[in-house]
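Engineer: The following block contains the structure, expressed as structure tokens.
The values are calculated or read from the model by the stated rules, or taken from the named source; none is laboratory data. Model, not experiment: these values are computed from the prediction. Methodologically, a virtual Cβ is constructed for each residue, glycine included, from the backbone with ideal geometry; neighbour enumeration extends over all protein chains shown.
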Amino acid sequence: MTTLQQAFSPDSFRKNAHTLVDLLADYLESAQNQTFTSVIPYQEPDESLAFWQADYEHGAGNIEDFFRKTIEKSTHLHHPRYMGHQVTPPLPITAIASMLSGLLNNGMAVYEMGLVSNPLERILSELLAKKIGFDNNASGLLTSGGTLANLTALLAARAAKTDVWEEGNGDKLAVMVSEEAHYCIDRAARIMGMGSEGIIKVPTNERLQIRTDLLEKYYNEATEKGFKVICIVGSACSTSTGSYDNLVEIGNFAQKHHLWFHVDGAHGGAVIFSEKYKNKVNGIEQADSVVIDWHKMLMTPALATALIFKRDEDAFKTFQQKAQYLWANQHSKDWFNSGKRTFECTKLMMSLKIYSILKAHGVQIFTENVEHLHGLAEKFAKIVKSRPNFELAIEPESNIVCFRLTPSNANLNELNSAIRKQLLQEGNFYIVQTTLKENVYLRVSLMNPLTTEADLNALINEIERIGNQIS
Ligand SMILES: *Cc1c(COP(=O)(O)O)cnc(C)c1O
């Protein structure tokens, strides 16, 4: 057998896959039972690089050893004390489906290369469109992350409001957004040539929501300076504090000025699965486009992001492109040719991973997760408020909680930064930090449904212990 034949051998695939499944099942077990304590085995970047350089020098050989080291040296999202960034511990069934999509590798851009994944993508888009409250004119797509989805939505807004796609830049265009919006909106506007002035950042109130009472003022100032405002973005919710903008008022404002209304629901849009929490996104049905990350509260491995349009035809205006070798008719609105509406040409079979959840567990599991994670945040907020030396930045609206230790006679910014640094180095919890109006806060995103109240209490105790040690 040649090396190539051997590499493709079904027997060796079976053997390696079994090895990996056993390792991953062991990982899940020890993470969930906390028999290993390390949530994040933090190493300095150069130290980690040196380790892998030495590994590389050993050359090809032992794949099991590579699997083991990767598991051991990665951040462990399935550990109940993982409370860091807003990335989900994926459901195990989705990891298995990832293997399926990895091996089948149907590239999706054209129907013939996505016979299964294109129809599944349509079914999933319709599921979200219905939950958002759109009618049958809606349609959607999956793309590689919230960042790219937001750029795609802004490009669709521009295509709907201008001729830039054909004519090149004419008017000075602008987008309105909250100053707390995710940085990718700013990045998207700059990529589109709007410059720093074309991204109009509206201040936020004490709950860090966009101040809708200032929308007219900022709009008028921009118009007087010669800008053509094409779009307003509502954050649902904001990344650092989980604050939901008032989508009803933003929607009314957009309608009044004929602006495209985009909702960045990358994180919090998932509440549409919950009767209990979906009132947080009241008004979302007025939007022209909505982004929701399946890889945040919806337990799918990254990247898998939905972009849903109120009107199907808008999705096809974004990227009008001739590509004779891909599709015969450039103008037809064929939902089954993924590449007509997405930035990507070749694309991962994301829909398989999400669909595997529906098949294995049913749609109800999304509701349960969203409600459980919000409940955890409410519990954690209660714990913080019950402790004399702690304070919340704001009452949490989502599964994100910002708080800090506040002993008297300490520099609070230095103290809380030092605490977070020590937590990282010890590795028994993983949390992050954020700065709000110049104050440093510790920040948890409660992403893991297996986190318990005991873990939350342990975190607070640990922070207090480190705080006492430092100050
Ligand atoms: C996470 C997030 C994004 C970015 O999404 P990615 O999938 O990480 O690219 C954008 N907006 C909001 C509100 C987010 O929470």
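Engineer: Please go through (1) in a helix (DSSP H, G or I); (2) within 15 Å of the ligand (Cβ to nearest atom) for Met299 and return the number of the only condition it doesn't satisfy.
Structural biologist: All conditions are met except number (1).
Engineer: Can you list residue pairs whose Cβ atoms sit under 8 Å apart, with the first residue in segment 251-268 being hydrophobic (A, V, I, L, M, F, W, C) and the second being loosely packed, with under 15 Cβ neighbours inside 10 Å and not in a loop (DSSP other than H, G, I, E, B)? Count only pairs 6 or more apart in sequence or on different chains.
Structural biologist: Phe253/Glu216; Phe261/Gln255
Engineer: Of everything in segment 122-148, what is of a type outside the set (A, V, I, L, M, F, W, C), under 12 Å from Ser351 (Cα atoms) and away from the ligand (no atom under 16 Å from the Cβ)? Give them in sequence order.
Structural biologist: Correct list: Arg122, Ser125.
Engineer: Output the residues belonging to segment 254-277 that are out of contact with any Gly (no Cβ under 6 Å at 6 or more places or on another chain), surrounded by 18 or more Cβ atoms within 10 Å (Cβ to Cβ) and under 22 Å from Arg311 (Cβ atoms).
Structural biologist: Applying the first criterion (out of contact with any Gly (no Cβ under 6 Å at 6 or more places or on another chain)) to segment 254-277 yields 254-260, 262, 264-265, 267-277.
Now drop any that are not surrounded by 18 or more Cβ atoms within 10 Å (Cβ to Cβ), which leaves 254, 259-260, 262, 264-265, 267-274, 277.
Passing the criteria: Ala254, Leu259, Trp260, His262, Asp264, Gly265, Gly269, Ile272.
Engineer: Where in segment 1-111 are there helices (runs of 4 or more DSSP H), lying wholly inside it, with at least 1 residues that are over 24 Å from Gly145 (Cα atoms)?
Structural biologist: Numbers: elements: 3-7, 10-33, 45-57, 63-73, 92-104.
Per the criteria, 3-7, 10-33, 45-57, 63-73.
Engineer: Hey, another quick one. How about segment 206-229: which of its residues are surrounded by fewer than 19 Cβ atoms within 10 Å (Cβ to Cβ) and over 30 Å from Glu395 (Cβ atoms)?
Structural biologist: Asn220, Glu221, Thr223, Glu224, Lys225, Gly226, Lys228
Engineer: Quickly run through segment 264-296 and pick out the residues that are part of a strand (DSSP E or B), under 27 Å from Ala360 (Cβ atoms) and not β-branched (Val, Ile, Thr).
Structural biologist: Asp293
Engineer: Given the conditions (1) more than 16 Å from the ligand (Cβ to nearest atom); (2) surrounded by 22 or more Cβ atoms within 10 Å (Cβ to Cβ), which single one is not true for Ser178?
Structural biologist: (1)
Engineer: What residue, among those in segment 304-335 that are among the aliphatic types (A, V, I, L, M) and either touching a His at 6+ places or on another chain (Cβ under 6 Å) or modelled with pLDDT under 85 (or both), is nearest to the ligand (Cβ to nearest atom)?
Structural biologist: Here the residue is Ala304.
Engineer: Continuing with the same structure: Keeping to segment 234-261, report how many residues are within 11 Å of the ligand (Cβ to nearest atom), in a strand (DSSP E or B) and either over 15 Å from the mean Cα position of the chain (by Cα) or among the β-branched types (Val, Ile, Thr) (or both).
Structural biologist: 1
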